[in-house]
Every structure is written in C-alpha cells, then in structure tokens.
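Here's the structure, in structure tokens; my notes come after.
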C-alpha cells in the first residue's frame, strides 16, 4: 500500500504565515521611518523658505535694516496700515509702515513650523544673521548646542533634544 499525502500540513501553514507577518511588519516600519524623514525634510525646507523670505524683505527696506533685529514667535498683531503689494493694490507706505507689515506677514507664517522661534540680528552695516529654531519629530543631539554654531543660534528657541536650527549669515548691500 502506498501512503501518499497531498497538500500542506498545519505546521507548514503556520510557518509561512509567521514569515509573511514578519515581512509585513518590516515594510510597515520602513514606511513610518520614511514618513518621518520626509516630514523632517519638509520642516527644514519651510525654515529655509522663511529665512530667505525675511532676508528678501530686509533687502527691499534697507534703510531700516537694524530695526528688523529681534526674537519672533509669531505673536505680532496686525498693523494699522496694510502694505500689501498684490496686483491692483495701491498702497503707499513709509519705510516704518513697510517694516511693521513685513514683520506681521512674515510672523504669520511661523506657525507652519512646530514651536518655531526666529532670531534676527541685522546691523546697519549690512551684516545679517537669521536663525530659525523649531521642534522636530525625533530626539537627536540639541541642534543649538553644536560648538560650531553662533551665539545667536545657540540662544534661539528652547534648548531640548528635538530642537532643530537653520541659520543663514549674509550681507545686504
């Protein structure tokens, strides 16, 4: 008599399911890590955009360059006069009104970064440093604690292991 078995046994089926589940868990974890990295990259891009935005605003209002100096966290109230430069808007503003409008518009975008604080140091000579500090997702070494950072960068924002720093030094002529 020949005894032949066909099909899978229950043990073989369980082993193949365990292998499948381990593989799916690995793929799921890889997806989470990729999403975190993508979001961290997005935050850094936003910080770079905001820093370049205020530098460009300072270039257009060079006569009050040192007045941009300060620490900002997005809590400035709307100025009395709107100095918007949109198409069809005919607003003539003084340099002081332009300064107030620039800071208001710029700070309204700081909330796009979690826990954002911006520090600006602008000298009348044209030397400008802008630092953007925000809270990242993962804990790493404190971004402001690095020894190669300037004093402004080290003091901008709240020191913790999730702090990220983006710094730009330039000269406005």
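The values are calculated or read from the model by the stated rules, or taken from the named source; none is laboratory data. Since the model is a prediction, treat every value here as computed from it, not as a measurement. Virtual Cβ from ideal backbone geometry, glycine too; neighbours counted across all protein chains shown.
Taking the condition surrounded by 11 or more Cβ atoms within 10 Å (Cβ to Cβ) and either in a loop (DSSP other than H, G, I, E, B) or at pLDDT 90 or above (or both), does residue 2 pass?
For residue 2, the condition - surrounded by 11 or more Cβ atoms within 10 Å (Cβ to Cβ) and either in a loop (DSSP other than H, G, I, E, B) or at pLDDT 90 or above (or both) - is not met.
Could you tell me whether the range 6-16 includes any residue that is within 30 Å of residue 136 (Cα to Cα) and without any contact (Cβ under 8 Å) to a residue 40 or more places away in the chain?
No; the residues of the range 6-16 include none that is within 30 Å of residue 136 (Cα to Cα) and without any contact (Cβ under 8 Å) to a residue 40 or more places away in the chain.
Out of 53, 84, report the one residue that is surrounded by fewer than 18 Cβ atoms within 10 Å (Cβ to Cβ) and in contact (Cβ under 8 Å) with a residue 24 or more places away in the chain. Give the steps one after another, and end with the answer.
Numbers: 84 fails: in contact (Cβ under 8 Å) with a residue 24 or more places away in the chain.
Testing whether each residue is surrounded by fewer than 18 Cβ atoms within 10 Å (Cβ to Cβ) and in contact (Cβ under 8 Å) with a residue 24 or more places away in the chain leaves just 53.
Identify, by number, the condition in (1) in a helix (DSSP H, G or I); (2) loosely packed, with under 14 Cβ neighbours inside 10 Å that residue 64 doesn't meet.
For residue 64, the exception is condition (2).
Looking at 37, 74, which is the one that is assigned to a helix (DSSP H, G or I), surrounded by 11 or more Cβ atoms within 10 Å (Cβ to Cβ), within 32 Å of the chain's Cα centre (by Cα) and free of Cβ contacts under 8 Å to residues at least 60 places away in the same chain? Even if it seems obvious, please write down each step before you answer.
Working: 74 fails: assigned to a helix (DSSP H, G or I).
None of the other options fit; the residue is 37.
If we scan the range 86-104, do we find a residue that is touching a strand residue (DSSP E or B) at 6+ places or on another chain (Cβ under 8 Å), within 25 Å of residue 169 (Cβ to Cβ) and either at pLDDT 90 or above or assigned to a helix (DSSP H, G or I) (or both)?
Within the range 86-104, one or more residues are touching a strand residue (DSSP E or B) at 6+ places or on another chain (Cβ under 8 Å), within 25 Å of residue 169 (Cβ to Cβ) and either at pLDDT 90 or above or assigned to a helix (DSSP H, G or I) (or both).
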